Every structure is written in structure tokens, then in C-alpha cells.
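First the structure, in the form of C-alpha cells, and then the observations on it.
The values are calculated or read from the model by the stated rules, or taken from the named source; none is laboratory data. Computed from a predicted model, the values in this text were never measured in an experiment. Methodologically, a virtual Cβ is constructed for each residue, glycine included, from the backbone with ideal geometry; neighbour enumeration extends over all protein chains shown.
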């Protein structure tokens, strides 16, 4: 009789554990069905003007809607190993840009870039932000490096590539930039430099 009570008690405990696991499984499935929190800006998101300071401490800004060019934002850190892998791709893209169609800018999320670093990576002729307005850091989601962000002239994100650019991503980026040039030429206007 004692064994029957013990076995019955074990069955009840196992049944209760199974019910608890079924409930937990349903909760986990519901959580998985929700969209994941994004760590990068979503396409179509309206961005605020980009404001901050350059390596010399001078104010620098990118104002949307005032210039007909798109903006290519390169988000990096001098200490990021993945950024180091990305520099050859970025340099390839920067050197092939039509500056009358696209404005490239750099954003150092660590604020530690030096003049030799900027020169080594062909950034001396570009606006480089070392200190960015905190609201822009939140809106642009600058917590991940490397990021390549293409923003249209009105300030809406067209596309974000996070991580090291592969050949497919470089081709996609170049195609989007070529489409921009075609659109500007079709409108018959020449953007300001």
C-alpha cells in the first residue's frame, strides 16, 4: 500500500511538471513569434540630422533635405577587428563614389580616431564624426560596428549593412548608388558639390 501511494504521488508530481513545461513552451513560442529587437536602423526610418564634432573639435553636421545627395554613413571603431576587415571594401566604395550624388561620412563610435588612422583609411577628405549628438546615437543605432548605412536625401534609411561587407553587399551598395546617379541624371539637374 505504501508503494501505491508513493507511485501515485510521483505520477501527480510528473503530471504537474509536464503541465508547467507545456505552459512554459507556449510562452516561449509566443515570444519567438514576436519580431526581434533590432540592433540596426530599419529601412524607411526617418533619421534626424547628424550633428557632432570632428577630430579637431569643430562642429560638423549633415542636414537632410538641404542637399540633393544621399549620405553614406560608415560606422566604425579604430579598435574593431571586423572594421579592419571592412576597410578595403569601404575604401573601394569611397574611391568609386560620384560625390555629386553621394556624400560619404564616417562615424567613430569610440571617439578615438587619430590623424594617422584617418589618413591610412582615406578619410581625410571626408566629414568624420568623433563625437555624435546622443539622440543621433540612439536613432541611428550606432552601437554595432561596422555598419554601412545608406540614407536618402530626405533622411530616410534606404539600407543598412551590418558587419563585414561581402562581395554581394558591395555589389548591392554600388547598384543602389548607380541607381541614384541615374535618377539624378534623369531629372536633369546637377547636385551641388
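The table below lists the values:
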quantity: Residue in the range 38-45 that is within 30 Å of residue 175 (Cα to Cα) and either over 15 Å from the mean Cα position of the chain (by Cα) or part of a helix (DSSP H, G or I) (or both) present; calculated: no
quantity: Some residue of the range 96-106 being surrounded by fewer than 19 Cβ atoms within 10 Å (Cβ to Cβ), assigned to a helix (DSSP H, G or I) and more than 17 Å from the chain's Cα centre (by Cα); calculated: yes
quantity: Which listed residue is over 33 Å from the mean Cα position of the chain (by Cα) and either over 18 Å from residue 133 (Cα atoms) or at pLDDT below 95 (or both), from 81, 6; calculated: 6
quantity: Residue, surrounded by the most Cβ atoms within 10 Å (Cβ to Cβ), within the range 107-138, restricted to residues that are in contact (Cβ under 8 Å) with a residue 12 or more places away in the chain and touching a helix residue (DSSP H, G or I) at 6+ places or on another chain (Cβ under 7 Å); calculated: 128
quantity: Considering residues of the range 139-174 that are modelled with pLDDT under 90 and surrounded by fewer than 15 Cβ atoms within 10 Å (Cβ to Cβ) only, the residue nearest to the chain's Cα centre (by Cα); calculated: 143
quantity: Selected residue (only one of 100, 8, 95 is free of Cβ contacts under 8 Å to residues at least 24 places away in the same chain and either out of contact with any strand residue (DSSP E or B) (no Cβ under 9 Å at 6 or more places or on another chain) or within 23 Å of residue 145 (Cβ to Cβ) (or both)); calculated: 8
quantity: Of the criteria (1) touching a residue at least 60 places away in the same chain (Cβ under 8 Å); (2) closer than 22 Å to residue 169 by Cα; (3) not in a loop (DSSP other than H, G, I, E, B), which one residue 51 fails; calculated: (2)
quantity: Flag if residue 74 is part of a strand (DSSP E or B) and touching a strand residue (DSSP E or B) at 6+ places or on another chain (Cβ under 9 Å); calculated: yes
quantity: Lone qualifier among 156, 174 - being under 21 Å from residue 39 (Cα atoms) and in contact (Cβ under 8 Å) with a residue 40 or more places away in the chain; calculated: 156
